[in-house]
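In what follows, a single structure is set out as structure tokens and then discussed.
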Amino acid sequence: AWERPDFEHV
Amino acid sequence: MSSSRDAIPSFVDGVRLRRLPDRTVLLVPEGVVNLNASAAATLGLVDGARSCSAIAQELSSRYDVPAVQLRADVDELVDRLSDRGWLCVSKAKP
């Protein structure tokens, strides 16, 4: 399902 | 900065989308950026030719979500990534 696009920089 | 209506996002030099067996990541000079599924789907459509509006329309056809909501999500993601220096945004040619 669509969710708010998010990211995490590692 | 907010993405304009006809903004066209593209990856800057040294930034690449990479599909791994269990997830999709963004390779950046500073390391790796883990993406959730929606961010991966959005960035998979970034090719330097599609506008944010076109990306939202394409995502709307894949997910059962109104394009106007997707457009807001696409704009926010593009803004956040461009603020980090991983995406650049150009204006569509008239």
- Message: Using Stokes-Einstein with the Kirkwood hydrodynamic radius over Cα pairs, what translational diffusion coefficient do you get for region B:7-91 at 20 °C and a viscosity of 1.002 mPa s, in µm²/s rounded to a whole number?
- Response: 166
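Counting other C-beta atoms within 10 Å, and keeping those with at most 13, which DSSP coil GluC sites (Glu not before Pro) do you find in region B:7-94? Before the final figure, lay out each step's value.
Working: sites: B:Glu30, B:Glu58, B:Glu76; in loops: B:Glu30.
Of the GluC sites (Glu not before Pro), the ones in loops of region B:7-94 whose Cβ has at most 13 other Cβ atoms within 10 Å are B:Glu30.
Assuming 0.36 nm per residue, please report the length gained on full extension of the stretch B:Asp64 to B:Asp83 beyond their Cα-Cα distance. Don't jump to the answer; show the numbers that get you there.
Numbers: separation 19, 0.36 × 19 = 6.84 nm, distance 2.90 nm.
3.9 nm is the gain from fully extending B:Asp64 to B:Asp83.
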- Could you work out the helix-only [θ] at 222 nm for chain B, with each DSSP H run of four or more residues adding -39,500 (n - 2.57) and the total divided by the number of residues, to the nearest 500 deg cm²/dmol? -11500 deg cm²/dmol
- Note on the structure: Label model pair B:Glu76, B:Arg19: point-to-point distance (7 angstrom along the Cα→beta-carbon line) in nm is 2.7
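With +1 assigned to the C-beta of every Lys and Arg and -1 to the C-beta of every Asp and Glu, and no other charges, what is the dipole magnitude of region B:7-91 about the Cα centre in debye, to the nearest 20?
Details: 10 positive and 11 negative charges, 41 e Å.
Result for region B:7-91 is approximately 200 debye, rounded to the nearest 20.
Bear in mind these aren't lab numbers, they're just calculated from the coordinates by the rules spelled out. This one's a predicted model, so the numbers in the text were calculated from it and none came from an experiment. As a convention, Cβ positions derive from the backbone with ideal geometry for all residues, glycine included, and neighbour counts pool all protein chains shown.
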